[in-house]
1. Full-extension gain between residue B:342 and residue B:194, please, as 0.36 nm times their residue separation minus the C-alpha to C-alpha distance.
2. Efficiency by 1/(1 + (r/R0)^6): what FRET value for residue B:152 and residue B:67, r their Cβ-Cβ distance, R0 = 22 Å, to the nearest 0.05?
3. Which whole number in µm²/s is D for the stretch B:1-80 by Stokes-Einstein, with the Kirkwood Rh taken over Cα pairs at 37 °C and 0.692 mPa s?
4. Ignoring everything except DSSP H segments at least 4 long, calculate the 222 nm mean residue ellipticity for chain B; use -39,500 (n - 2.57) per segment, divide by total residues, nearest 500.
5. Give me the distance between the Cα centres of the stretch B:302-347 and the stretch B:206-228, rounded to whole Å.
6. Could you calculate the contour length gain from residue A:117 to residue A:212, that is, 0.36 nm times the residue separation minus the distance between their Cα atoms, to one decimal place in nm?
7. Please report, in whole Å³, the volume per residue of the convex hull around the C-alpha atoms of chain A.
8. So for the pair residue A:133, residue B:275, with labels modelled 7 Å out along Cα→Cβ, what separation do we get in nm?
């Protein structure tokens, strides 16, 4: 009896929690199929016209492509830098290593707005024009701490002997890193990479403040929203959500596969 | 390939701690040397110095006559087999074994062929396409051996390679290691704290304690004629009986002990000639005691003793005896299976003179 009660309560609780999290998304996706001009109830019928409109919108498509490029390139750079920093701090005695670790992770605690404003000031001072590159730089700044933290935490001491063995067998430091360390850490490197892709993909404030003519998708959506609600924004929102989910699934899949095997 | 190794006055300090204290050691080419000692005795430090993972604070290392003291591990003719095997988890076995050859620029087909040959040597040819996590501990250990041997090292360094295996597998791997060493002829330097393992595989054992070498010799020498109290105690169970040298002549010495006065040939003093008045310790292995039956030549009588405890061990009875002359001294004595022993029995104890080793100092010093 007591067990039934507990399990009922936990089911209700789980339903409420997941409902709270996913209902807005579900509504967003539902009304992206709205057959009518307004993405609000009542639901008039099923139509894919807004998706057609999205794919026909050159500016949106350009923003989508920009977002992809910025997410991939900035995540690659953040992962590479994060890996190098983690390798150095985990394997070598560096002066003030606790301080250096702290400094590397510190940007995580700073609001994106502050980071964006800071970068904007720096870029202005040096006369560097705003572009997708500057957005990418901003995203590297926010994702580097994440990549560093994930990769650093997975560099255990048990890897040291394996690297030592590689060196003993004649591998140079560079070869040890490329052929042994990086492949061993691949699950966490991939985790860091896909997480940064999703963060960069969704990021608005930095992308908004540091871009000018070429913009990323969130910025483009924001300018769409200024002209009022429209099922088209729901459609593009659903697409964005789909891509994030895909990235997370890919991450889950690759991690699960690696950890499931060993 | 094989090469001689020479360590000259190697000292290694870590801050105030001296891990290795002025150690000199000559290892012949093709020899199977075991560094034996308790944890913290400096054996792994010595191995790391041979492998190039540490450089000595003082002293030098020569391999095959070449100066190696400050040469990096990659450039030494040595490879190390690590205690945790340190296999590359993301590579197939053949790629693990072929890694060293790859680093030496050997083409893929050639090194695969060679890797397969070495996997064959350790009986894992059929598993060449597996990954390390699919193997058992013993198999991983063999892969580590194949990988270390694949680059034809002149000296193979083994850091407690059998430590993680269960006892039965360990005994089996000992035999295999020994057989493989004979086949490849490489100089093996093997670190362990297991004296049975050391005796089973070594050509010569180096007993170490507190950063120093206590004793070097063939297993039988070290066991039968130890040159230090530590070495005697570490190699197996032994009875220490304190005494004092009272008289000397050119071929023998008389020692007064709690069990009586004993005259022994100078050959019993393995650590150097005795000095009159010197405090010494008798070392007698439990299996060397005899029942004194009448007067027998070359048998040293140790008086009557009483059995205070006994247990049957299959090959022998292991008994605790309290000598009548010194009841607080408890001796461990192995008695034949066929004898009848029970608590309280009086036994006339004796030991063949050739089996007694007398070492300077008392057990309190060690």
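The numbers here are math on the coordinates, done by the rules we state, and not lab data. All of these numbers come straight from a predicted model, not from anything done at the bench. When we count neighbours, we look across all protein chains shown, and the Cβ atoms used for this are built from the backbone with ideal geometry, even at glycine.
1. 50.0 nm is the gain from fully extending residue B:342 to residue B:194.
2. Working: r = 21 Å, r/R0 = 0.96.
For R0 = 22 Å, the calculated efficiency reads 0.55.
3. Taking Rh from Cα pairs, D becomes 258 µm²/s.
4. Rounded to the nearest 500, the figure is -7000 deg cm²/dmol.
5. For the stretch B:302-347 versus the stretch B:206-228, the Cα centre distance is 28 Å.
6. Stretched fully, the residue A:117-residue A:212 segment lengthens by 32.7 nm.
7. 204 Å³
8. Calculated label separation equals 8.3 nm.
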